[in-house]
1. Scan A:418, A:402 and give me the residue that is of a type in the set (A, V, I, L, M) and over 13 Å from residue A:365 (Cβ atoms).
2. I want to confirm something. Restricting to the range A:405-438 and keeping residues that are within 12 Å of chain B (Cβ to nearest Cβ) and either at pLDDT below 95 or outside any strand (DSSP E or B) (or both), which single residue is surrounded by the fewest Cβ atoms within 10 Å (Cβ to Cβ)?
3. Being within 12 Å of chain A (Cβ to nearest Cβ), touching an Asp or Glu at 6+ places or on another chain (Cβ under 9 Å), farther than 19 Å from residue B:287 by Cβ and of a type outside the set (Lys, Arg) narrows it down to one of B:187, B:179, so name that one.
4. Looking at the range A:361-377, is at least one residue assigned to a loop (DSSP other than H, G, I, E, B), in the same structural domain as residue A:263 (by TED's automatic domain parsing), buried (at least 21 other Cβ atoms within 10 Å of the Cβ) and not hydroxyl-bearing (Ser, Thr, Tyr)?
5. Between residues in the range A:333-359 that are within 14 Å of another protein chain (Cβ to nearest Cβ) and residues that are basic (Lys, Arg) and in a strand (DSSP E or B), which pairs lie under 8 Å by C-beta distance while being six or more apart or on different chains?
6. So residue B:211 passes all but one of these: (1) in the same structural domain as residue B:412 (by TED's automatic domain parsing); (2) within 29 Å of residue B:174 (Cα to Cα); (3) over 19 Å from the mean Cα position of the chain (by Cα). Which condition number does it fail?
7. How many residues, within the range A:149-187, are closer than 25 Å to residue A:8 by Cα and within 13 Å of another protein chain (Cβ to nearest Cβ)?
8. Looking at the range A:384-400, which of its residues are within 14 Å of chain B (Cβ to nearest Cβ) and either among the aliphatic types (A, V, I, L, M) or out of contact with any Lys or Arg (no Cβ under 7 Å at 6 or more places or on another chain) (or both)?
Amino acid sequence: MTELLDLADSVVARAKEGELVEAFLTRSRTTEVKAYNGDVESLNSAASAGIAVRVIVDGRQGFAYTGALDDPALHETLEEARDNARFAGVDEFNTIASPDGVAPPDLVVDTGKLAGTPVDRKVELALQLERAARAGSPHIRGVDTAMYGDEVSVSAVATNTGVRAETESGVCYLAASVMAGEGAETQTAFWYGVGRHLDELDLDEVARKAVDRAVRMLGAKQPASRRLTVVLEPLMTAQVLSLIGSTLTGEAVLKGYSPFGERVGESIGASNVTLVEDPTDPDAFGASCYDDEGLASRRVPLVDGGVLRGFMHNSYTGRRSGEGSTGSAARAGLAGSVGVGPRAMALTPGTLTPEELYASVGDGLLVQNLKGLHSGVNPISGDFSAGAEGMLIRDGALAEPVREITIASTLQRMLQDVRAIGADVHRLPMSAAGVTLAVGDVTMSGR
Amino acid sequence: MIEHDVIKRTLQAALRTGGDFAEVFAEDRRGSSARLDDGRLQSFNSGRDKGAGIRVVSGETTGYAHTADLSEEGLRAAAEAAAGAARGGGGGTRTVDLNRVQGPDVNHVGVLPETVEKDKKAELLLRADVAARSEGDAIKQVIAVYADNRRRILVANSDGVLAEDDQVRTRFMVQAVAGADTGMQTGYESTGFTMGFELFDQLDVEEFARTAARRALTKLRARPAPSGALPVVINRGGGGVMFHEACGHGLEADAIMKEASVYAGRVGELVASPLVTLVDDGTMGPEWGSFSVDDEGKPAGRNVLIQDGVLTDYMWDNLRARKADRPSSGNGRRESYRHTPMVRMTNTFLVNGTEDPDEIVRQTPYGVYVASLGGGQVDTATGDFVFGMTEAYLIEDGQITDPLRDANLIGNGPESLRNIDAVGNDFAFGPPGMCGKDGQSVPVGDGNPTLRVASLTVGGTAA
């Protein structure tokens, strides 16, 4: 067994009679290279490690974390979590995970190739990306971000109920944000590429798409307000699915925060909407053998042909609902408590290419950027309002660019109003995969 | 936190390969938080994070490395990694004399939160829960969060700067969820200051929680927000985030130097209505975005960004200021020792005007009254920004009428600033904010008197 799991064991071994103890340890190494004007702008190379401990005594739960893994840190974190537990409220369902007999998926995560890549190659990629983006069009005024980044991490969970799990992950990416100009006007766009190692990154595509998408926005105007069908590009769809995913967790449902809480077995979406959380899918960047409580990942059907099938659970919500954990425990870093969340949702794709999908829509709006999803979407009421920019769709093809608009509906309506799903699945290091998605009857606000 | 001789030797190691500038930033942060949800104090959490980041600048390149090991060996290893990343050309030994920098005295902490019994913190949350639920059966859930944070920093650099700061922040938030046949709605109230537990000597926790509950209850009868361009009146203390997005980010020197801002090259020009005077001021203890020295050891400053509509200056950090051969404005901040500093705002606010706020509403035949804004986002290169309204009403015939459901507003920075046609005389600071930029989050304050923008696009669904 590895050093990290050994350390987790050593913490758990100090549990006292009547205590449930969980130790979650991580170690990660990140590299970030930014290029600007033909030079390396910054090179940031960092290793981090830390521990989060949860202690439950008599139904009371305490957490503590420390950004270090030396022996005093491990010891003090346990003591602190133990002390914190005394002040929390009693909840009979508070629990940590126990082995439930589900075998982890057979995923081979090899981070060795990424971890072993020399930094010079990463620097060269960032410099090449910046050059390619600057040279992409005579309209390019500047490349405000051209970067390479990667993260290789290991996490380990151990509990005194017998859970012992270790998860490895590695991902690298390229991202470019460019400014295109014409006279006094400037337009911007962003594109990215993601892979498990550098050979999977398509640098030319990242540069070309960032450039093309900025240039095609030149001349964008604010259109008049109206209702229409919006087509979300894959990255936008993934962001909206993440919001929907947050309403389909046991946590939201049990506390009464989900607009879909009472609706299992009912139709909550159009008949072409099938949504699955599947971290066992080896193609998903969020795939992992275990969740953040150390239980095996499993496939969780959420919506099937528009009908709500169920919710995601961690050990607490699984116990309180009587449905059991679905291996969907999620932590927001070391400092966060243990919540519930998706890491590999995907909509079942349709059969249309993006162009065929635009043709099927006829008249609408292609959204290439959304702003303010954190400020304009309320996952409890379901109200959805976001800043947008993109291209109008007229006579089934892309027409002129538009900006300074919002699109608005509700999460509930949007699921019912799904008109078409593309065949183009984009794997992203987010909680959902992207796919081109057409949603009808959305209000576009402009002039 | 670290002995001066060790700092000097670490800076020497960082410059050994010939960098132009080196810096040691050490941080010791601890905090505690407690969250009440679903009628129970769900858990108590506390944490500690300590380490140092070493920055080396060589020509146009910045190298950065960090370590949780504050021993001399740990610091030297990080210094060598940062120097290697920056790839300076020359070599040799440079010695550094350190001179202590004193910032304004903004941190007046009465009661250090770490000295307060945990059950006192727990009790605040339980009181908030009871008070919010007392507003009626339609209050279905209450979330209340207490959080405190103490951050001790030390900065030293090869220019001889040595500075330390001890920053304590305490915050409290209540969210009520109301439910009825119209669905679920939420109401918030939040407060936070650069101070200790004495925050609660001046806070009526019960009234605070009931305010959040009443907001949620009011929204149960909210109509969908309008769709399209309308006059928008923003309440005192409720709209600083608009200035944060509409121009604040665009006045940060990192965006300016990449010409990724609509305000680049426009100092001395009229960029806003003459009613607009905008200030960023990190010295205003105990406001949420205040500190004594920034995360590069520069004392906090008061910087007038726009005076009577004319752009006067940008905000600067050390790196950008060196390139422009001018002093930093004390706006170099970072989330933690794991991050490189960037140009960031502190407390950014619109200065008082002269008009009677009630009169501004009365003079608005039809529009939207925004009592409270949520977060926002901006593209500095185009100036297009959004911000969310979490409490808003319709204005009809100069009267505030029906509540509106949540929606975003969208506008263009320079256009919106020119379109400000009324500024009230009732300035107030707003609730504490957390500003995200390039993956780093820092506490920022904002404030404004009541004001009106002649036209903003309201992103609702109603015709």
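1. Numbers: A:402 fails: over 13 Å from residue A:365 (Cβ atoms).
Within the list A:418, A:402, the selection yields A:418.
2. Of the residues in the range A:405-438, the ones within 12 Å of chain B (Cβ to nearest Cβ) are A:405-414.
Cutting the leftovers down to either at pLDDT below 95 or outside any strand (DSSP E or B) (or both) gives us A:411-414.
Values: A:411: 21, A:412: 20, A:413: 16, A:414: 24.
Restricting to residues being within 12 Å of chain B (Cβ to nearest Cβ) and either at pLDDT below 95 or outside any strand (DSSP E or B) (or both), the top hit is A:413.
3. On the way: B:179 fails: touching an Asp or Glu at 6+ places or on another chain (Cβ under 9 Å).
None of the others qualify; the one that does is B:187.
4. In the first step, residues of the range A:361-377 are kept if they are assigned to a loop (DSSP other than H, G, I, E, B); the result is A:362-363, A:372.
From what's left, in the same structural domain as residue A:263 (by TED's automatic domain parsing): A:362-363, A:372.
Next, only the ones that are buried (at least 21 other Cβ atoms within 10 Å of the Cβ) stay: A:372.
Going one step further and asking which of them are not hydroxyl-bearing (Ser, Thr, Tyr), we end up with A:372.
Yes, that holds for at least one residue.
5. A:337/A:331; A:337/B:35; A:338/A:54; A:338/A:331; A:339/A:331
6. Going through the list (1) in the same structural domain as residue B:412 (by TED's automatic domain parsing); (2) within 29 Å of residue B:174 (Cα to Cα); (3) over 19 Å from the mean Cα position of the chain (by Cα), residue B:211 breaks only (1).
7. Here is the first cut: in the range A:149-187, the residues closer than 25 Å to residue A:8 by Cα are A:151-171.
Those still in the list that are within 13 Å of another protein chain (Cβ to nearest Cβ) too: A:151.
Final tally of qualifying residues: 1.
8. Of the residues in the range A:384-400, the ones within 14 Å of chain B (Cβ to nearest Cβ) are A:384-390.
Once the filter is applied, which keeps residues that are within 14 Å of chain B (Cβ to nearest Cβ) and either among the aliphatic types (A, V, I, L, M) or out of contact with any Lys or Arg (no Cβ under 7 Å at 6 or more places or on another chain) (or both), the range A:384-400 yields A:384, A:385, A:386, A:388, A:390.
The values are calculated or read from the model by the stated rules, or taken from the named source; none is laboratory data. Everything numeric here is computed off the predicted structure, so don't read it as measured data. Reconstructed Cβ throughout: ideal geometry from the backbone, glycine too, with neighbour counts over all protein chains shown.
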